[in-house]
Amino acid sequence: YSSLWKGDPGSDETDSASMVASLQPRPAISQGLHVSLILDRMPNSRAIEAKGTSDTTQCAACGIALSSSHWKSDPTFCHYLQRWFCRSCSAGNDDNVNLYTIPSILLHEWKVVKLPVCHLVVEYLDSVREHPLVCASSINPELYNKENALSEARSLRLKLVLGKEHIACQRKFSEIVPVLDHNNLYLSQDTEMYSLADLEAGCEGGLVELLTSAVEQMMSHVNQCARCCGSGYVCELCDDDYPIYPFLVDTVVECRGCKGYYHRECFEKKEDSCPQCQRRQSRNKAETGRDFEY
């Protein structure tokens, strides 16, 4: 959450620090205040703000009395840390109110809500905003059941992950899918980790649009590349000899026994008669005289 150093109440050290703070310009960022990534559900910050500063007498960063007549002591509530700050520590050098998307509200209420935060929080969240640090399914598993956007994003990412693993030109994947640059290529490496920027875009509709474009670029390449076309499979349960690919998760399924790929519709009709599993079972029986199930 946060931590800060304070001297003993009433001690000379605390009194001296307060006196110096009231007479000299204070640094915009206190070295005693530390910010970390807060993703858990938090109390209603607006309700806490509404109570005012009655329970808080000092700025959370510099320690100045919030009731002081100092020209930069007008208190501002930081909705991320849920602490009160003087105007100097809250606004920083530009002296403006900073509005920022609160990650916990985004993850637990699936809403982009921009509320006032102190400039130290702005600097920290800006530094981590583009990095895939958030496992949304772990923090709020119900989110995938309620929000179609994240479920659709997971499905699209699965297609990218499987495509990257199976196509022949996987080493050129970044060239095949230029819509994913070096900053967000991680979206094709797993299905669960997101950056705060991804989640905000997902809430506003931009993430699904980006991933849909990436999948379309990948499929367009596969259809035009002879090497990648050759990495496809043929469904042995029907007469269709058009190649199928593992990343076509909506229409293609993998046999758990032999890891072969079939049309989903064909496999569901003949699940107990996988041709590859039957051949392996017959071969093993001929060699050992025993039946093996796959």
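Name every residue in the range 140-154 that is open to solvent by less than 50 Å² (accessible area, probe 1.4 Å) and assigned to a helix (DSSP H, G or I), in order of residue number. Break it down stepwise before answering.
Within the range 140-154, the first condition is being open to solvent by less than 50 Å² (accessible area, probe 1.4 Å), and the residues that meet it are 140, 143-144, 149-151, 153.
If the condition is that a residue be open to solvent by less than 50 Å² (accessible area, probe 1.4 Å) and assigned to a helix (DSSP H, G or I), then LEU143, TYR144, ALA149, LEU150, SER151, ALA153 are the ones that fit.
Between a residue in the range 52-77 that is over 20 Å from ASN98 (Cβ atoms) and open to solvent by less than 30 Å² (accessible area, probe 1.4 Å) and any residue that is modelled with pLDDT under 80 and aliphatic (A, V, I, L, M), which pairs come within a Cβ distance under 9 Å, given they are 6 or more apart or on different chains?
Close Cβ pairs satisfying both conditions: GLY63/LEU4; GLY63/ALA17; GLY63/ALA21.
Identify the residue in the range 106-124 that is within 22 Å of GLY205 (Cβ to Cβ) and touching a residue at least 24 places away in the same chain (Cβ under 8 Å) and, among all such residues, is most open to solvent (accessible area, probe 1.4 Å).
Step one: filter the range 106-124 for residues within 22 Å of GLY205 (Cβ to Cβ), giving 106-115.
Applying the additional criterion that residues be touching a residue at least 24 places away in the same chain (Cβ under 8 Å) yields 106-108, 110-112, 115.
Values: LEU106: 4, LEU107: 1, HIS108: 35, TRP110: 25, LYS111: 96, VAL112: 46, LEU115: 17 Å².
Here the residue is LYS111.
Of these, THR212, THR288, which one is among the β-branched types (Val, Ile, Thr), out of contact with any strand residue (DSSP E or B) (no Cβ under 6 Å at 6 or more places or on another chain) and modelled with pLDDT under 90? It would help to see each step written out before you state the result.
On the way: THR212 fails: modelled with pLDDT under 90.
Going through THR212, THR288 in turn, the sole match is THR288.
Here is a list of conditions, (1) hydroxyl-bearing (Ser, Thr, Tyr); (2) surrounded by fewer than 17 Cβ atoms within 10 Å (Cβ to Cβ); (3) modelled with pLDDT under 60; (4) part of a loop (DSSP other than H, G, I, E, B), and SER36 meets all of them except one; can you say which number that is?
(3)
Which condition does CYS235 not pass, out of (1) open to solvent by 80 Å² or more (accessible area, probe 1.4 Å); (2) closer than 22 Å to LEU162 by Cα, if it passes all the others?
Every listed condition holds for CYS235 apart from (1).
Which is open to solvent by less than 40 Å² (accessible area, probe 1.4 Å), within 34 Å of the chain's Cα centre (by Cα) and either farther than 19 Å from CYS228 by Cβ or at pLDDT below 85 (or both), of VAL253, VAL249? Explain how you work it out, then say what you get.
Numbers: VAL249 fails: either farther than 19 Å from CYS228 by Cβ or at pLDDT below 85 (or both).
Going through VAL253, VAL249 in turn, just one is open to solvent by less than 40 Å² (accessible area, probe 1.4 Å), within 34 Å of the chain's Cα centre (by Cα) and either farther than 19 Å from CYS228 by Cβ or at pLDDT below 85 (or both): VAL253.
Give me the helices (runs of 4 or more DSSP H) completely within the range 155-227, filtered to those with at least 3 residues that are within 20 Å of HIS131 (Cα to Cα), of a type in the set (A, V, I, L, M, F, W, C) and open to solvent by less than 40 Å² (accessible area, probe 1.4 Å), ordered by residue number. Explain how you work it out, then say what you get.
On the way: elements: 173-176, 196-204, 206-224.
Answer list for the range 155-227: 196-204, 206-224.
The values are calculated or read from the model by the stated rules, or taken from the named source; none is laboratory data. Only a predicted model underlies this, so the values are computations on that prediction, with no experimental measurement involved. Every residue, glycine as well, gets a Cβ built from its backbone with ideal geometry; the counts of neighbours run over all protein chains shown. These area figures cover heavy atoms from the full protein model, side chains too; ligands, DNA and RNA do not enter into them. Shrake-Rupley method; radii C 1.70, N 1.55, O 1.52, S 1.80 Å.
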